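Please treat every number below as a calculation from the coordinates, not as lab data. Being a predicted model, the structure only gives us computed values, none of them experimental. Virtual Cβ from ideal backbone geometry, glycine too; neighbours counted across all protein chains shown.
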Amino acid sequence: MKRSYFATLFFVVISAMLFGCAAQQVQNPQSLFSPYALKADSYQPKVDNFMVILDMSSSMAEQYNGQSKFKIAKDFLSAMNQTLPNMKLNGALRTYGHSSSVSKKLTTLFYGLTVYSSAGFEEALQAVKKAGGTSPLASAINAGNDDLKSTQGPIAIIVVSDGKDMDKAPMAAAKNMKKQFGGRICIYTVLTGNDPAGGKLMEQIAGAGECGFSVRADGFKSGADMADFVKKVFLAKHVDSDGDGVYDELDRCPNTPKGVKVDARGCPLDMDGDGVYDYLDKCPNTPSGLKVNSRGCPLDTDGDGVYDYLDKCPGTPKGAKINAQGCWILKTILFDTDKAHIKSRLHSDLNAVVTVLGKNPALKVEINGHTDNVGSAAYNMKLSEKRAKAVMEYLVSKGIDSKRLSTKGFGLTMPIADNDTPEGRAKNRRIELTLIQ
């Protein structure tokens, strides 16, 4: 009977111990602060500087949910540190209310203000070993003002404390900090433990910052909760307003039309480098160095349809018929082989020249005659001169002052087509008009 009783008692005691251990493990909030990976390339810093103010007073040594509030606070900050993506920030860790074995000062700067690194912050955090002493939070906030006075850009203050055994001095200090830094600073508080007065004070301090908030450490149920806290305090989601794949803070060409390909700066492509984006460029592949218009096309100063860099005869008057080289030419074939007589049915082509000259009375023109290669060079030279003079005589007969006209023959020296074919030879039997400056 006794053996059975003791066996039963032993089983009950062992079960109770195991249950107690299990219960303590469930209550261990460290597991709630497991870091949660945040991809740095998805975010940009919302702040340029942050300072953690950590309570090390004697009340933080008290037990809460199976461990000291001081350990809960350190675990919280360690998880926050591991969750924060690696990005350019300045960071600091200031403590207050130490055990005399840690520091005899009311407040101590354990880390920074310096370029933040996860390893550096963690090393400083782990160097904070023991809680004890009074709760001079106001002194820590006031000292933080001096730490941060030379900073530029937005600031996040994170106060981690149980809020116990404090007067109204921290509230006055928080308001003074807000007054000093204005809209640059936001204050966030993290309550460890569940002291009602402490919780109210933490909320009031966060409220003094006007743009922060207060949370309870035991309100974090997962690593995702910590990630949400880090995002709200430290990070801003990258925005790509025009949807070109380049975030706004890197985009040198905002408001790019939808669907347009862009470079790494967010600017539309300009493959020919003429300064006009490809999607607007009506003349792609413009040779390098050419001046272009707003449509990306090379300049055509005389408006004859031939770009300036290809135009062998710049300044062609408006209305003149031109060839591929931009030269004023009589398009129709005026002459038969070995002839200088103008075909009467082609007078309309010459009449167009009369019209242009009539509209531009200041123009002076040289009439250039050309031939194919049938016959000797000397013969063709004379033939080309005869053709030029025939055209001049026609223009004079239509009222054009002879002083505005001159002639020149080039013979067979300047073909524009292949003389080996009838079609080519016909094109070479031509008249061109050159403006005289």
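Worth a mention:
- For segment 288-410, the normalised intensity computed at q = 0.10, 0.14, 0.15 Å⁻¹ comes to -0.37, -0.67, -0.75 (log10 of I(q)/I(0), Debye sum over alpha carbons, equal scatterers, no solvent).
- Shape class of segment 33-237 from the Cα gyration tensor (axes a ≥ b ≥ c, square roots of the eigenvalues): rounded, since a/c falls below 1.5.
- For residue 210, neighbours were defined as the other residues whose beta-carbon sits under 14 Å from its Cβ, and their charges (Lys and Arg +1, Asp and Glu -1) total +3.
- For the pair segment 273-298 and segment 360-390, the centres of their Cα atoms are 39 angstrom apart.
- Percent of Cα-Cα distances greater than 27 Å, calculated over segment 215-344: 56
- For the set 104/175; 200/231; 179/221; 200/232, the pairs lying more than 29 angstrom apart at their alpha carbons are 179/221.
- For segment 68-127, chymotrypsin sites (Phe, Trp or Tyr not before Pro) are listed when DSSP marks them as loop and at most 11 other Cβ atoms sit within 10 Å of their Cβ; the list is empty.
- Prolate/oblate/rounded call for segment 69-171, Cα gyration tensor, a/c under 1.5 rounded: oblate
- Once the C-beta distance of residue 376 and residue 312 is scaled by a Förster radius of 35 Å, the resulting FRET efficiency is 0.80 to the nearest 0.05.
- Dipole moment magnitude, nearest 20 debye, the chain about Cα centre, only Lys, Arg, Asp, Glu C-beta charged: 380
- Taking trypsin sites (Lys or Arg not before Pro) across segment 65-166, the ones in a DSSP loop with at most 11 further Cβ atoms lying within 10 angstrom of their Cβ are 88, 104, 149.
- Remark: relative contact order (segment 328-435) = 39 percent; criterion is Cα-Cα distance under 8 angstrom and separation of 6 or more residues.
- Just checking the listed ones, 161, 384, 214: in the Gaussian network model of the chain with Cα springs under 10 Å, the one fluctuating most is 384.
- Here the spin labels are modelled as points 7 Å beyond Cα on the Cα-Cβ line, and at residue 271 and residue 354 they lie 5.0 nm apart.
- At full extension, residue 282 and residue 252 could sit 8.5 nm farther apart than now, given 0.36 nm per residue minus the alpha carbon distance.
- Taking 0.36 nm per residue of sequence separation and removing the Cα-Cα distance, the residue 406/residue 123 pair yields an extension gain of 92.4 nm.
- From the largest down, the chain spans 143, 61, 30 angstrom on the principal axes of its Cα atoms.
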